[in-house]
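See below for the structure under consideration.
The values are calculated or read from the model by the stated rules, or taken from the named source; none is laboratory data. Computed from a prediction, not measured in an experiment: that's the story for all the values here. Heads up, the Cβs are rebuilt from the backbone with ideal geometry, glycines too, and the neighbour counts pull from every protein chain shown.
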């Protein structure tokens, strides 16, 4: 449950940042462009958050399969 909440909050944060950047760029042109830029920026931000989360998962799985699991339990046994 904690991981799910973390994922949702990360996605919301990236969407908010994307919306702010998109609206700022769009505001240079007009109000309508600011609104559209904010909406597109939010979608891009949410997509980036999902892609980053997926890429991180794949990288962690690849590291564990190639190098073995990284856990502190092995270092404490010595």
Counted residues, the range 26-42 - those being closer than 22 Å to residue 55 by Cβ and loosely packed, with under 14 Cβ neighbours inside 10 Å: 0
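Here are some residues: 61, 66. Which one is at pLDDT below 90 and under 19 Å from the mean Cα position of the chain (by Cα)? Break it down stepwise before answering.
Working: 66 fails: under 19 Å from the mean Cα position of the chain (by Cα).
Selected residue: 61, the only one of 61, 66 that is at pLDDT below 90 and under 19 Å from the mean Cα position of the chain (by Cα).
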One residue from 19, 15, 23, 49 being at pLDDT below 90 and surrounded by 15 or more Cβ atoms within 10 Å (Cβ to Cβ): 49
